[in-house]
1. Identify all residues within segment 96-107 that are surrounded by fewer than 20 Cβ atoms within 10 Å (Cβ to Cβ) and more than 11 Å from the chain's Cα centre (by Cα); write none if there are none.
2. Are any residues in segment 23-33 farther than 16 Å from M8 by Cβ and in contact with a Ser or Thr (Cβ under 7 Å, 6 or more places away or on another chain), and if so, which ones?
3. Write out, first by first residue and then by second, each pair whose Cβ atoms fall under 6 Å of each other, whose residues are 6+ apart or on separate chains, and whose first residue, in segment 103-124, is without any contact (Cβ under 8 Å) to a residue 24 or more places away in the chain while the second is assigned to a loop (DSSP other than H, G, I, E, B) and surrounded by 11 or more Cβ atoms within 10 Å (Cβ to Cβ).
4. When you go through (1) open to solvent by less than 60 Å² (accessible area, probe 1.4 Å); (2) outside any loop (DSSP other than H, G, I, E, B); (3) hydroxyl-bearing (S, T, Y); (4) out of contact with any strand residue (DSSP E or B) (no Cβ under 9 Å at 6 or more places or on another chain) one by one for S71, which number turns out not to apply?
5. Please state which of the following conditions G111 fails to meet, knowing it meets all the rest: (1) modelled with pLDDT under 95; (2) open to solvent by 30 Å² or more (accessible area, probe 1.4 Å).
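The values are calculated or read from the model by the stated rules, or taken from the named source; none is laboratory data. For clarity, every value in this text was computed on a predicted model and none was experimentally measured. Here Cβ is always computed from backbone atoms with ideal geometry, including for glycine, and neighbour counts include all displayed protein chains. For the accessible areas, the whole protein counts, side chains as well, though only heavy atoms, and no ligand, DNA or RNA atoms are used. Shrake-Rupley method; radii C 1.70, N 1.55, O 1.52, S 1.80 Å.
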Amino acid sequence: MQDAEKYMALCVELADRAASKGNSAVGSLLVIGDEIIADAEEAAATHEDVSCHAEMEVIRKARKILGKDMSKATLFSTKEPCVMCSYAIRFHQIGKVVYKERSGELGGAHGTYDLLVSQNVPKGWGPPVECIELAEDQ
């Protein structure tokens, strides 16, 4: 991942902005090739809407540009996507997710409900997502 560190640094800036507004410190980007299609910060507290996770917000923005098929996209996030976000990622067939920090038992790649990587999902969800956890020293 040639530019992963650069994109993650932008996600961290978005996360800091979210935290300064009283939201969880999460930032997300959707990238195709070397083009940032959309960026978003966590907004659940600001909007009083639990569905306004950074990953959901970035998918909403990107959907207006790309439509449903996001199979060529990589989603970057400061946190491992949760179960809700993982469903949206699979629904839009996002091919790759890069994140900085695991989310615990509700994480979509390493949690109890590993929706991002599971083969045991309904037909039509598309293939499992390639998940890359960036190490702190990268």
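1. Within segment 96-107, E101, R102, G104, E105, L106 qualify.
2. Within segment 23-33, just N23 meets the criteria.
3. E105/G111; V117/A109; V117/P128
4. Tallying (1) open to solvent by less than 60 Å² (accessible area, probe 1.4 Å); (2) outside any loop (DSSP other than H, G, I, E, B); (3) hydroxyl-bearing (S, T, Y); (4) out of contact with any strand residue (DSSP E or B) (no Cβ under 9 Å at 6 or more places or on another chain), S71 fails exactly one: (2).
5. (2)
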